[in-house]
Amino acid sequence: ILPEERFVDYPKLNELIKLKDDLLRNRNHPPMYLKTDLKTFDITTLGKFDVILMDPPWEEYYNRVQGMPIMGSIDKLLPWSFEEIANLPIDQIADVPSFIFLWVGSEGLDMGRALFRKWGYKRCEDIVWVKTNKKSLDPKLEYQLGRNGKGILQRIKEHCLVGLKGDVRRASDSHFIHANIDTDVIVEEEPPLGSTEKPSEIYQMIERFCLGRKRLELFGEDHNIKPGWLTIGNNLSNTNFNLSEYDSWVSGDYGYPNVTDYNGGRYLGTSNEIENLRPKSPRMNYQQSQEDQSMKFGFGGAPVNPTQAVSYTHLTLPTIYSVQISVVAVSLKKKT
C-alpha cells in the first residue's frame, strides 16, 4: 500500500495529513547540502538542531555485500567502528529539547541504545521498516538478505531508534510536537543490492511529528537531499552550503501564520484546521497527574518512561499493520 493511500479509510486523519503536507511544502526551505568528511569536519560549527537523522556506515551494511556483484562502489560502504560513530559530538549539536532518528540496521539495536546513553538521549520509540522484495531481479542472490551464514532466518526489517533529549509535554509543547499522526511501521520495497537507501517516508513522518525546522541529516548521499533539510556527508556529489543563509531561513521563535514561506521562523507552525483535526492527549485522572505531572512522551505515542506505559494508550493506528501482518501469517500457515 502506498503511503498516500494508507489512511484513505480514515477521512479525518487523511485530511489532517494533507493539511500538514501542504503547510510543509510552503515552509520547507530549499535543500542545503555539504560534501565533507565527518571524521575531520567540526559539526559543532553548525549550531544546534531540533532533529538529527543518521544512518551511519555500520559494519552490517558492509558484510551484506562482500563478494557480491553490487551496484556502484563498495568503498562508500566501508564501515565506521562503533567508537568512531560514538566520538561524533552529537550531544553538542542537539538542542534541548530535540530528537534523534538513528538507523541501526537489523543488528545494531544494542549499539544504538549505547550511543543514546553517550549522547544524552532517552529512547522514546522504535520505528520498524518491514522490507518487501517482490521486485528483486535475481533470486540467486536471495541469501544476501542479511543471513550470510550468520543467522537462521531471513532478515526483512531494519530499525530506526528515536531518542529525545530533554523533556516535552504533549499538551504544553504543541508548538514543537504533534504526536499520534503516523504509525511506527513502514512497509516498503528494499533497494537494490549495495544500496543503503531508506524509505523516503521517514522524512514525512519526522516533519509531521516535530515542528522544529532545524533538521540535520548526517552521512547523507544524493538521494537524501530533501527540502527542509541540511544534508552532510562524504558521498554527496556537490555542495551548496551557506551557513548565514541557512540561519536566516530558521531564525526567530515563531512559525506559521506569522510567516507563510520558508524565510524565517524556527518552528513550522500550525493552523486552526490542523488543530481541530490532530489527535490530542487523553485527559489524565487526578491520581495520575499527582504521581507525575510532567509525564513525557516520545514519537508515535510511546511513553518515554516505560514504567508508566500501562497508564496510557496513545498509538492511534497500529491496528492497520497488525491486521495486515496477521492476515499474512494466517495465509502462510494455510499454505504450509
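Between residue 45 and residue 9, how many nm apart are label points set 7 Å from Cα along the C-beta direction?
In this crude label model, residue 45 to residue 9 measures out at 5.3 nm.
Simple spin-label model, 7 Å along Cα-to-Cβ: residue 189 to residue 92 in nm?
Each label point lies 7 Å from its Cα, and together they span 4.3 nm.
How large is ³J(HN,Hα) for each residue in the range 209-224, as worked out from phi by the Karplus curve 6.51 cos²θ - 1.76 cosθ + 1.60 (θ = phi - 60°), to whole Hz, x for Gly and Pro?
In residue order, the calculated couplings are 8, 9, 8, x, 9, 8, 10, 10, 10, 9, 6, x, 10, 4, 6, 8 Hz.
In the range 79-139, which trypsin sites (Lys or Arg not before Pro) are in a loop and have at most 10 other Cβ atoms within 10 Å, using DSSP for the loop call? Please report the intermediate quantities before stating the final value.
On the way: sites: 113, 117, 118, 122, 123, 131, 134, 135; in loops: 134, 135.
In loop regions of the range 79-139 (DSSP not H, G, I, E or B), the sparsely surrounded trypsin sites (Lys or Arg not before Pro) are 134, 135.
If you take the square roots of the eigenvalues of the alpha-carbon gyration tensor of the range 151-257 and sort them as a ≥ b ≥ c, do you get rounded (a/c under 1.5), prolate (a/b over b/c) or oblate?
Numbers: a/c = 2.53, a/b = 1.24, b/c = 2.04.
Oblate.
Give the accessible area for residue 46 in Å² (nearest 10); use a 1.4 Å probe, count only protein heavy atoms, and leave out ligands, DNA and RNA.
Here the residue's solvent-accessible area equals roughly 10 Å².
If you put +1 on each Lys and Arg Cβ and -1 on each Asp and Glu Cβ, how big is the dipole of the range 1-105 around its Cα centre, in Debye rounded to 20? It would help to have the intermediate numbers written out before the result.
Details: 11 positive and 17 negative charges, 67 e Å.
Roughly 320 debye, rounded to the nearest 20.
List the pairs from 20/165; 20/76; 18/131; 20/118 whose alpha-carbon separation is above 30 Å, in the order I gave them.
Numbers: 20/165 24 Å; 20/76 35 Å; 18/131 26 Å; 20/118 34 Å.
20/76; 20/118, as the Cα separations exceed 30 Å there.
Taking 0.36 nm per residue of sequence separation and subtracting the Cα-Cα distance, how much length would be gained by fully extending the chain between residue 22 and residue 128, in nm to one decimal?
Numbers: separation 106, 0.36 × 106 = 38.16 nm, distance 2.61 nm.
Full extension from residue 22 to residue 128 adds 35.6 nm.
Quickly work out the residue 280-to-residue 245 label distance, labels modelled 7 Å from Cα along the C-beta direction, and quote it in nm with one decimal.
Between residue 245 and residue 280, the label points sit 4.3 nm apart.
Quote the FRET efficiency, to the nearest 0.05, computed for residue 83 versus residue 223 with a Förster distance R0 of 22 Å and r equal to the Cβ-Cβ distance. Don't skip to the answer; put the middle values down first.
On the way: r = 28 Å, r/R0 = 1.27.
The pair residue 83/residue 223 has a calculated efficiency of 0.20.
The values are calculated or read from the model by the stated rules, or taken from the named source; none is laboratory data. Owing to the predicted nature of the structure, the values given are computational and were not obtained by experimental measurement. Cβ: placed from backbone, ideal geometry, glycine included. Neighbour counts: every protein chain shown. Surface accessibility is based on the protein's heavy atoms, side chains included, excluding ligands, DNA and RNA. Shrake-Rupley method; radii C 1.70, N 1.55, O 1.52, S 1.80 Å.
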